[in-house]
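Reviewing the structure listed below.
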Amino acid sequence: KIFLGIETSCDDTAVALIDATEKSVLKHCIHQQIEHQAFGGVVPDLASKGHAKHLPTLLNTLLRSACIDKEEIQGIGVTAGPGLAGGLLVGVMFAKGVAITLKKPLWAINHLQAHALVARLCYDVQFPYLALLFSGGHCEFVVVYSATEFYLLGYGLDDAAGECLDKVGRRLGFSFPAGAAIEVAAKMGDPFSVALPIPMRDKSLNFSFSGLKSAALRWINSEGEKTLSFEKKANLCASLQYAIGQGIQKKIENFFENLPPESNPHTAIFCGGVAANQYLRQVLEASFLRHNVRFLTPPPKFCTDNGMMIAWNAYEKCQAGVPPSMNFSIRARWPISI
Ligand code: ATP
Ligand code: FE
């Protein structure tokens, strides 16, 4: 069964065609808007204009290069939230138009659920499983019971891990989003060279990265932003990654402390843009393997925003018997557990 996915919730315009039965990607076309770099963050107005400009061409390229007949498409998914209202509106209006033209069923997709479900496109993962979702806007500890049932165990109280990386990276002069550049720099740094606080060492499963961000920014100020050598930047990046990893590990320990061993989840997945980070993957993997829990992370291009996860979620909804609909609006705020 072939499904089309359309994603415009932030600054990436992405469309994808997947063969859901074969669990394969037929084609993914993504346009990463670079115009935000000059501003050091996403400018909502520029983002929606960019989506409106690129979406039609991107879909044409996708349909032409995937070498399928449009009739073979079984269904369409579009991100309806959470995200920036303007971009979501552009995507949803466009998707409704495509659904009418092609006479195909359409499903409104929750972007966070799509991040948490895409592991099932990449691997053989059975419900229920644990998902650790770390992205630009969210940090969540979720039990995924089915394609439509999500239980939130813990969530971010302030800055998300990705946001912390992006804001520190911006002050180091890295282009936005800075997560990948921080990972590269960190490889050349010493994780024990800058003393940063391990975030949220309490007993809860909630996250907070704003204190860590402030501490890193204070260190940059004290060292002098303009005169920082690459070596010092690399040391800060390595120390920042280390602190984030330690913070998440503490939460994983909290999770297992409150859990009778017989109710261990069989699988834990790490997802969202920050899960593209190889260092953090290793840190989290070590934690879960200690508790004999299988640990999986989708390949990086399935972790950062993409069209495949939206197409896959539409297929999951179709399989779960969720009726398609044209009668829905965007939801700029939309928790993973409804
Ligand atoms: P949300 O999913 O919460 O709505 P978003 O869609 O903007 O937010 P994603 O695209 O899922 O976020 O993730 C983007 C975040 O991932 C950015 O903060 C970026 O810096 C971070 N990121 C991307 N690659 C890496 C990496 N290799 N290491 C660490 N962080 C990374
Ligand atoms: Fe995302």
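Taken together, the values in this text are just the output of simple stated rules run on the coordinates, not laboratory data. Computed from a prediction, not measured in an experiment: that's the story for all the values here. Note that each Cβ is placed from the backbone with ideal geometry, even for glycine, and that neighbours are counted across all protein chains shown.
Summary of computed values
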read-out: Tally, over segment 155-184, of residues that are among the acidic types (Asp, Glu) and closer than 20 Å to Gln33 by Cβ; value: 2
read-out: Residue, farthest from ligand 1 (Cβ to nearest atom), within segment 163-203, restricted to residues that are farther than 16 Å from Ala215 by Cα and assigned to a helix (DSSP H, G or I); value: Ala185
read-out: One residue from Ala114, Ala147 being within 10 Å of ligand 1 (Cβ to nearest atom), in contact (Cβ under 8 Å) with a residue 40 or more places away in the chain and among the small types (Gly, Ala, Ser); value: Ala114
read-out: Filter result (away from ligand 2 (no atom under 16 Å from the Cβ), buried (at least 17 other Cβ atoms within 10 Å of the Cβ) and either closer than 22 Å to Cys10 by Cβ or in contact (Cβ under 8 Å) with a residue 60 or more places away in the chain (or both)) within segment 170-205; value: Arg170, Arg171, Leu172, Phe174, Ala181, Ile182, Glu183, Ala186, Leu205
read-out: Meets criteria (within 15 Å of ligand 2 (Cβ to nearest atom), among the hydroxyl-bearing types (Ser, Thr, Tyr) and touching a strand residue (DSSP E or B) at 6+ places or on another chain (Cβ under 6 Å)) for Thr79; value: yes
read-out: Qualifying residue in segment 314-337 (condition: within 12 Å of ligand 1 (Cβ to nearest atom), crowded, with 22+ Cβ neighbours inside 10 Å and assigned to a helix (DSSP H, G or I)); value: no
read-out: Among residues of segment 1-23, those that are within 16 Å of ligand 2 (Cβ to nearest atom) and either out of contact with any Asp or Glu (no Cβ under 9 Å at 6 or more places or on another chain) or hydroxyl-bearing (Ser, Thr, Tyr) (or both), counted; value: 5
read-out: Members of segment 38-57 that are surrounded by 14 or more Cβ atoms within 10 Å (Cβ to Cβ) and away from ligand 2 (no atom under 16 Å from the Cβ); value: Gly40, Val43, Leu46, Ser48, Lys49, Gly50, Ala52, Lys53, His54, Leu55
read-out: Near pairs, Cβ below 8 angstrom, 6+ apart or cross-chain, from segment 48-64 (at negative phi and among the hydrophobic types (A, V, I, L, M, F, W, C)) to any residue that is part of a helix (DSSP H, G or I) and surrounded by fewer than 19 Cβ atoms within 10 Å (Cβ to Cβ); value: Leu63/Lys70
